[in-house]
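Contents: one structure, followed by commentary.
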């Protein structure tokens, strides 16, 4: 169920910062139509850090309702307090998600043993498929492959989104956790290489903008067509880079608004994309072949 191009969905907001339900419905339909293989609701790209607990679970529940079984939905339910992560994971489970994505605790910098106990506690408390999420560039916390290996036998823990930017980690995780453990890239720029090393796909920022191409690249990679996947990946490289000219999700929300799918609202402390980056992002969208498709 959890493979291919899984979009890390933006949370559409009006200019006053309120969640735009009509735009959220458009986005879910858009990803179903364009072939995305799954949706992560309220992950980092969905501005999880600025949604309160009620909004957090509410947006996840609404995405499940809108998806209506047409596409798998994964709820972003990580937190730096174990009790909060359990609360959010239970809320997402009760909303009907197919699985949950759990980021490593940020700011408080636990030890490897602390990480093991944190994820073990969530897995034992909530009976739902759980995907670990390692992104040390945002959390100041790096979960090592040995810790993942210790967690992999727990039946609720089914995989990891690895976003350390280290391709060698992908191979280490596949080797130490076994063929049934799902390894997903958390970096669009390493998605192709992850597939070539035996990973199952990517949880993707770029899929917000180029969902059909990201799906096709992953599908070809999973089917063993390395050259076909490489060709598409080359066309998307500039987009992958442009969407991180400023902190995610600033550029991607601007790009999706350029496609006419959402308003350009963000919540402070995030601010709109700086004007000097508008044309580079537009150019990357043209190279990816998506801007002309905007209505």
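What follows draws every value from the coordinates through simple rules; no lab data is involved. In this text the structure is predicted, and so the values were computed from the model without any measurement. Counting neighbours? That spans all protein chains shown, and the Cβs are built from the backbone with ideal geometry, glycine included.
For the chain, adding -39500 (n - 2.57) for each run of n ≥ 4 DSSP H residues and dividing by the number of residues yields -14000 deg cm²/dmol at 222 nm. Which of these, 67, 242, 81, has the largest mean-square fluctuation under a Gaussian network model of the chain (Cα springs below 10 Å)? Highest fluctuation of the listed residues: 81. Remark: C-alpha extents of region 4-225 on the principal axes read 44, 44, 28 Å, sorted largest to smallest.
Based on the alpha-carbon gyration tensor of region 172-295 and its eigenvalue square roots a ≥ b ≥ c, which shape applies: rounded if a/c is under 1.5, prolate if not and a/b is larger than b/c, or oblate? Don't jump to the answer; show the numbers that get you there.
Details: a/c = 2.54, a/b = 1.68, b/c = 1.51.
Prolate.
Here the contact order of region 5-113, divided by its residue count and restricted to Cα pairs under 8 Å and six or more residues apart, works out to 25 percent.
With R₀ fixed at 25 Å, the C-beta to C-beta distance from residue 55 to residue 83 puts the FRET efficiency at about 0.85. Going from the fewest other Cβ atoms within 10 Å to the most, the residues 237, 14, 93 appear in the order 14, 237, 93.
Distance between the pseudo-spin-label points of residue 149 and residue 225 (7 Å out from Cα toward the beta carbon): 3.7 nm. Cβ-to-Cβ counts within 10 Å put 82, 44 in ascending order as 82, 44, the fewest first. Ordering 107, 133 by the number of other Cβ atoms within 10 Å of each residue's own Cβ, fewest first, gives 107, 133. Using equal-weight Cα scatterers in the Debye expression, the normalised intensity of region 14-134 in log10 at q = 0.12, 0.22 Å⁻¹ is -0.43, -1.24.
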